[in-house]
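First comes the structure, then the notes that go with it.
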Amino acid sequence: MERTPKERLYWLLRLYKDKEIQAETFCDEFHMTYHYELNDAELTETERVLFREIAAVAARFSPFEEDHQKYPGVYFTTEDVEGVVMKKALIDILLDPYSTEAEKDDAAIVLGEHFEDEETIAVLLKVSNQDGIGEMVAASCGESLAYIWLRKSDINYDQLLLLKDAALCEALSLIKAHRYDWFTEYERRLFCGREFENSDVQKGRKKDR
């Protein structure tokens, strides 16, 4: 069966997740397909970011312990490969319209436990605000975002202000319990934002008169 380069990347991911090929074979084949055969225009923006990350790990994978000892931080390990592949699988579940609510909920929780990069944060934000998303999944997205910010000791208030309903309630509950100073700052920014909106409304009314 002839596969397009994009189909081949997905096929390699399935083989690796099902343990039908080893990390070395997966990395060699993924690297060659991504860098020498794939047309980047075939990918969605999410695929572009995730495949780029996997390809970067694949290109510098080494199964040899001496490489890691001689050049620490230069080469990636089997654990690194498993991590990026797992993240890709979890994000696929979250974005797949055919995944069940329970599957999406589990994926959101595991992402928050194991990853804290900007792509993970962006996906959790996106899913939490999707039309028709279940309250349980939205809440888990908010919880995972809060855990990521707490773990990194670095909160993004602009992202927090994008949350709503169950996702916002869950995130604020954790933030209030563990970093009350963050919660206070969130309320201050929220109040200032509302004051600004109200002043704009009042200006608009005066102009209409």
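The values are calculated or read from the model by the stated rules, or taken from the named source; none is laboratory data. Predicted, not measured: the structure shown is a model, and the values here were computed from it. Positions of Cβ are generated from backbone atoms using ideal geometry, with glycine treated the same way; all protein chains shown enter the neighbour counts. Surface accessibility is based on the protein's heavy atoms, side chains included, excluding ligands, DNA and RNA. Shrake-Rupley method; radii C 1.70, N 1.55, O 1.52, S 1.80 Å.
Quick check on my filter: what residues within segment 137-193 are aromatic (F, W, Y) and within 22 Å of E101 (Cα to Cα)? Hit for segment 137-193 is Y147, nothing else.
Quick check on K6: is it of a type in the set (K, R) and over 26 Å from V127 (Cβ atoms)? When the stated conditions are applied, K6 does not pass them. In segment 155-167, is there at least one residue being in a helix (DSSP H, G or I), open to solvent by 20 Å² or more (accessible area, probe 1.4 Å), under 20 Å from E113 (Cβ atoms) and among the aromatic types (F, W, Y)? No - not one qualifying residue is present in segment 155-167.
Annotation note: Cβ proximity below 9 Å between a residue of segment 58-74 that is more than 18 Å from F26 (Cα to Cα) and a residue that is basic (K, R) and not in a helix (DSSP H, G or I) (sequence gap 6+ or interchain) occurs for V74/R60. Screening segment 43-53 for residues that are open to solvent by less than 70 Å² (accessible area, probe 1.4 Å) and either farther than 12 Å from L9 by Cβ or in a loop (DSSP other than H, G, I, E, B) (or both) and picking the one that is modelled with the highest pLDDT gives E53. Within segment 54-81, the residues that satisfy the criterion of being within 22 Å of L38 (Cβ to Cβ) and either open to solvent by 60 Å² or more (accessible area, probe 1.4 Å) or in a helix (DSSP H, G or I) (or both) are I54, A55, A56, V57, A58, A59, R60, D80, V81. The set of residues in segment 12-35 being open to solvent by less than 40 Å² (accessible area, probe 1.4 Å) and aliphatic (A, V, I, L, M) consists of L12, L13, L15, I21, A23. Condition check for T33 on (1) under 21 Å from the mean Cα position of the chain (by Cα); (2) modelled with pLDDT of 95 or more; (3) farther than 16 Å from T77 by Cα: one failure, at (1). If you filter segment 21-42 down to residues that are in contact with a helix residue (DSSP H, G or I) (Cβ under 8 Å, 6 or more places away or on another chain) and not in a helix (DSSP H, G or I), you find that the one that is nearest to F64 (Cα to Cα) is I21. Consider only pairs whose beta carbons are under 6 Å apart and that are at least six residues apart or on different chains; among these, list those whose first residue lies in segment 93-111 and is buried (at least 20 other Cβ atoms within 10 Å of the Cβ) and whose second residue is basic (K, R). Note: pairs meeting the criteria are L94/K104.
How many residues are acidic (D, E) and in contact with a Lys or Arg (Cβ under 7 Å, 6 or more places away or on another chain) if we restrict to segment 59-107?
0
Can you work out which of the residues in segment 109-163 that are more than 13 Å from the chain's Cα centre (by Cα) and of a type in the set (D, E) is farthest from L94 (Cα to Cα)? Step by step, filter segment 109-163, then rank; the result is D154.
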